[in-house]
Amino acid sequence: MTTMQGIIVVLLILVALVVMAVITTENTRRRRQKLRRQFGPEYERAVQQFGSVAKAERELASRARRMQRLQLRDLNEADRIHFSNSWSAVQVKFVDNPSEAVHDANQLIKTVMQARGYPVEDFEHRVADLSVDHANVVQHYRAARTLAEANREGRANTEELRQAFVHYRALFTELLTESKVEHSNMQHARA
């Protein structure tokens, strides 16, 4: 091999490395952009929680993969009516017994989630699962949970219980009225 051929080979290798670096950078940018779009405010929360973008993105991608394995379903009209009536009853209860109404609202959320196919074993898993398709209301669920825990410990006043109820209602409304199943399945198919 002549010196010129050696230089050409080295240049081709360098060009190939630069092209691979550009492709890798672009793929990373697209993946990050997709996760930010899908998870909304939950993306920044995960970055803060895990201390790095890479760790947060691995966690969020893992959540999306886990949700892909679930068989989520839309509620039928009869279920929507039943759950709406149940919510109305809990809301009426708030007037006389806010503490119990907040507890019942949380239980109703879990019942709706279960009816839609979400596992409901523990709070952290519920929040993680909800964050995949309901990222814009997950913060309501967390805030309601914090206030409900303060209530159980006897540290919540009526205004805080009202706030918890409002937070629960935001999630309840989305779970009841939004059809995320088709959207979620389409997103997961593209992943």
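The values are calculated or read from the model by the stated rules, or taken from the named source; none is laboratory data. Just so it is clear, the structure is predicted and the values come from calculations on it, not from any experiment. Note: ideal-geometry Cβ built from the backbone for every residue, glycine included; neighbour counts use all protein chains shown.
For this structure, a couple of remarks:
- The range 164-191 - residue that is surrounded by fewer than 18 Cβ atoms within 10 Å (Cβ to Cβ) and polar (S, T, N, Q) and, of those, modelled with the lowest pLDDT: 185
- Filtered residues of the range 90-103 (kept if surrounded by 12 or more Cβ atoms within 10 Å (Cβ to Cβ), in a helix (DSSP H, G or I) and either free of Cβ contacts under 8 Å to residues at least 60 places away in the same chain or not assigned by TED's automatic domain parsing to the domain that holds residue 155 (or both)): 90, 93, 100, 103
- Verdict on residue 47 being among the β-branched types (Val, Ile, Thr), modelled with pLDDT of 95 or more and either in contact with a Leu (Cβ under 8 Å, 6 or more places away or on another chain) or assigned to a helix (DSSP H, G or I) (or both): yes
- Taking the criterion of being hydrophobic (A, V, I, L, M, F, W, C), under 16 Å from residue 138 (Cβ atoms) and in contact (Cβ under 8 Å) with a residue 24 or more places away in the chain, the residues of the range 47-65 that qualify are 60, 64.
- Within the range 66-80, the set of residues being polar (S, T, N, Q) and without any contact (Cβ under 8 Å) to a residue 40 or more places away in the chain comprises 76 only.
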